[in-house]
1. Just to be sure I understand: with springs between alpha-carbon atoms less than 10 Å apart, which residue in PHE97, PHE231, PHE142 has the highest mean-square fluctuation in the Gaussian network model of the chain?
2. I need the calculated FRET efficiency for the pair ARG208 and LYS168, taking r as the beta carbon distance and R₀ as 22 Å, to the nearest 0.05.
3. ³J(HN,Hα) across the stretch 147-159 via Karplus (A = 6.51, B = -1.76, C = 1.60, θ = phi - 60°), whole Hz, x for Gly/Pro?
4. Quick one: net charge around TRP134, please, counting Lys, Arg +1 and Asp, Glu -1 for every other residue with C-beta under 15 Å from its C-beta.
5. How about the stretch 190-255: which GluC sites (Glu not before Pro) there lie in a loop by DSSP and see at most 15 other Cβ atoms within 10 Å?
6. Using Cα centres only, tell me the gap between the stretch 49-75 and the stretch 201-255 in whole Å.
7. Return a whole-number percent for the relative contact order of the stretch 137-255, with Cα pairs under 8 Å and 6 or more residues apart as the contact set.
8. Which value in deg cm²/dmol, rounded to the nearest 500, describes the helix-derived mean residue ellipticity at 222 nm for the chain, given -39,500 (n - 2.57) per DSSP H run of n ≥ 4 and division by the residue count?
Amino acid sequence: MAHLRCDFYSDVLGLSTSMTVILPQQTTTQIGLSGTARDGGHPTLYLLHGLSDDDTTWTRRTSIERYVSTMGLAVVMPQVHRSFYADEAHGNRYWTFLSEELPAVAESFFRLSPRREDTFVAGLSMGGYGAVKWALRCPERFAAAASLSGSLDIRDPQRWRDKPSIMKRVFGESEDAVPTQEDVLALARRIDPNIAPSLYIACGQQDRLCESNELFVKTAESAGLAVTSKFTPGEHTWDLWDARIRDVLDWLPLH
């Protein structure tokens, strides 16, 4: 595998930013690790970070590079700070950066497949919310999306009480001001199940976010969406996410 920290300029954000990228490499002589690459553009997983993290966190706290080494899968991990992957009400345009600029830049820099059947998104906590939102708002881009301990009820009053300054900066003055396109529960009710990507939802049963994850699964199933869910003992920790990202990689519909 090739591992890169890519610093580049974003026209959308008007500033320099970073992404961490893992690229497939065909190898035969590495000790303890084999590498696989495919002909043509690489299938790609966009892997999103949580509220307190950055684009390096998945490579520092899991063995994601080793996990994907035999899959021929590229992994693109962008940096979006504490934006909830949104065009912030009082800030920058991180949704536009994520959904429009980032894929175009990444595909111009690296040999990535643009095909829907080769493109996936996943994330943890804030990134789990971002992954589901991106997949439901842009279903033509993704074959599958996964959320690990995602913040899937963005209107949750407790979240607004816990982090009022962040939530107001990103979404507006109250939970009632959250636009429908930022509410993944509303998106799940509205999307045509015939065009929706497959979804994977996982959360620890001792996680404060477990109830909202269970609510999302019920909502998505009621709407006819294809949902795989996994609720196991665990909290909001990297022990759980390291285990579940391996499950996600096994679940991805790689061709």
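Just so it is clear, none of the values below were taken in a lab; they were calculated from the coordinates. All values derive from a computational prediction rather than experimental measurement. Note that each Cβ is placed from the backbone with ideal geometry, even for glycine, and that neighbours are counted across all protein chains shown.
1. In this elastic network of the chain, the residue with the biggest mean-square fluctuation among PHE97, PHE231, PHE142 is PHE231.
2. E(calc), rounded to 0.05, equals 0.60.
3. Ordered by residue, 3J(HN,Hα) equals 10, 10, 6, x, 7, 8, 10, 6, 8, 4, x, 5, 4 Hz.
4. Here the count lands on -1.
5. Within the stretch 190-255, the qualifying GluC sites (Glu not before Pro) (loop, at most 15 other Cβ atoms within 10 Å) are GLU235.
6. Here the two parts' Cα centres lie 18 Å apart.
7. Relative CO of the stretch 137-255 lands at 31 percent.
8. The helix-only estimate for the chain comes to -8500 deg cm²/dmol at 222 nm.
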